[in-house]
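*Asks:* One structure, as C-alpha cells, below. Some questions next.
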Amino acid sequence: MRYIMATHNKDKIIEMSRIIEPLGIEAVTDRDLGLELPEVDETGTTFAENAYLKAASACEFTGLPAIADDSGIVVDALNGAPGVYSARYGGEGLDDKGRNRLLLSELDGVPREKRTAHYACAICCVFPDGRAPITAEGEMHGVIATDERGEGGFGYDPLFVVGDKTVAEMTAEEKDAISHRGNALRAFRDILKGELGL
Ligand code: IMP
C-alpha cells in the first residue's frame, strides 16, 4: 500500500519513511507521483489541528492515505510562544539565525530556572476510505541556552539544551532517540500497526 508523505521537508520524509516502511508501507512524495501538493493554510490553533489540515488536503488531492506532521517550540516564559507559529516567528523575513536571535532577545535577563521549554510534534494520517484519522503526539523537554552551540540539527536546535548538550551538539541518532518527532513517530507506528492488524 502506498502512503503519501504530506511534506516537502527532506529530513521529515527520511524520518517518517524509516519508521513506517518496515510495516510494508511504501512512502511516496508528491514528486514521486509527478504531482505538486497544494499549499495548505496552517490555520489550526494546535499542532494536531495543523497536521490534520495538511494530511486531509493531501489525501483529498491524491486519493491515497496521507501522513503529515506539524511541530514547533513552546517556551514557558513566553506563555507558550512561538508554539504553532514557530516557523513564522518574527515574520517571513527571518531565517533560522534571525529567529534564534529574536528568541534570545525575548528571554534577555530571564534566569536559567525560568528558561524551560519543550518541542512538540503531532503526526496525523488521514485515510481515503473515510475511517477515523490517526493522530499521535510527542514532546522533548529542555531549557533555552543563553548562546548558540553546535552545528547539527536545524531551527532552534543550537539553543535547545537537554542535559549538558544542545540538540545541535547531538548526533542524528541521539536526537531521534529522544526527540518530539521520534517520540510522535514511534507512537504513530504503534497505533498504525493496530489499525492495520500487524
Ligand atoms: P513545521 O514545518 O510547520 O512543522 O514548522 C516547524 C518549525 O518548528 C520549524 O521551522 C522549526 O523552526 C521548529 N522546529 C520543529 N521541530 C524542530 C526541531 O526538531 N529542531 C529545531 N526546530 C524545530
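*Asks:* Among the residues of region 169-189, which ones are away from the ligand (no atom under 12 Å from the Cβ), in a helix (DSSP H, G or I) and out of contact with any helix residue (DSSP H, G or I) (no Cβ under 6 Å at 6 or more places or on another chain)?
*Replies:* Glu169, Glu173, Glu174, Ala177, Arg186, Ala187, Phe188
*Asks:* Given the condition crowded, with 20+ Cβ neighbours inside 10 Å and in a strand (DSSP E or B), answer yes or no: does some residue in region 21-44 qualify?
*Replies:* Looking for residues that are crowded, with 20+ Cβ neighbours inside 10 Å and in a strand (DSSP E or B), one finds none in region 21-44, hence no.
*Asks:* Which condition from (1) over 18 Å from Pro128 (Cα atoms); (2) in contact with a helix residue (DSSP H, G or I) (Cβ under 6 Å, 6 or more places away or on another chain) is the one that Ile14 breaks?
*Replies:* The single condition Ile14 does not satisfy is (2).
*Asks:* Continuing with this model, one more query. How many residues does region 53-76 contain that are surrounded by 22 or more Cβ atoms within 10 Å (Cβ to Cβ) and within 13 Å of Tyr3 (Cα to Cα)?
*Replies:* 7
*Asks:* Another question, then. Of the residues that make up region 96-109, is at least one acidic (Asp, Glu) and more than 19 Å from the chain's Cα centre (by Cα)?
*Replies:* Yes, region 96-109 has at least one match.
*Asks:* Taking into account only those residues within region 107-162 that are outside any loop (DSSP other than H, G, I, E, B), within 16 Å of the ligand (Cβ to nearest atom) and charged (D, E, K, R), which is most open to solvent (accessible area, probe 1.4 Å)?
*Replies:* Per the stated criteria, the residue is Glu137.
*Asks:* Are there any pairs with C-beta distances below 7 angstrom linking a residue in region 43-57 that is near the ligand (Cβ under 9 Å from one of its atoms) to a residue that is in a helix (DSSP H, G or I) and at pLDDT 95 or above, with the two at least 6 apart or on different chains, and if so which?
*Replies:* Final answer for the pair search is Phe47/Val84; Asn50/Val84.
*Asks:* Out of (1) within 24 Å of Gly44 (Cα to Cα); (2) surrounded by fewer than 21 Cβ atoms within 10 Å (Cβ to Cβ); (3) of a type outside the set (A, V, I, L, M, F, W, C), the odd one out for Ser179 is which?
*Replies:* It fails just one condition, (2).
*Asks:* Would you call Asp95 touching a Lys or Arg at 6+ places or on another chain (Cβ under 8 Å), at pLDDT 95 or above and not aliphatic (A, V, I, L, M)?
*Replies:* No, not satisfied.
*Asks:* So, in region 19-42, of the ones that are touching a strand residue (DSSP E or B) at 6+ places or on another chain (Cβ under 8 Å) and acidic (Asp, Glu), which residue ends up nearest to the ligand (Cβ to nearest atom)?
*Replies:* Out of the qualifying residues, it is Glu42.
The values are calculated or read from the model by the stated rules, or taken from the named source; none is laboratory data. What you see is a predicted model, and the numbers here were worked out from it, not measured in a lab. With ideal geometry, Cβ positions are generated from the backbone for all residues, glycine too; neighbour counts draw on all protein chains shown. To get the accessible areas, we keep the full protein, side chains included, count just its heavy atoms, and leave off ligands, DNA and RNA. Shrake-Rupley method; radii C 1.70, N 1.55, O 1.52, S 1.80 Å.
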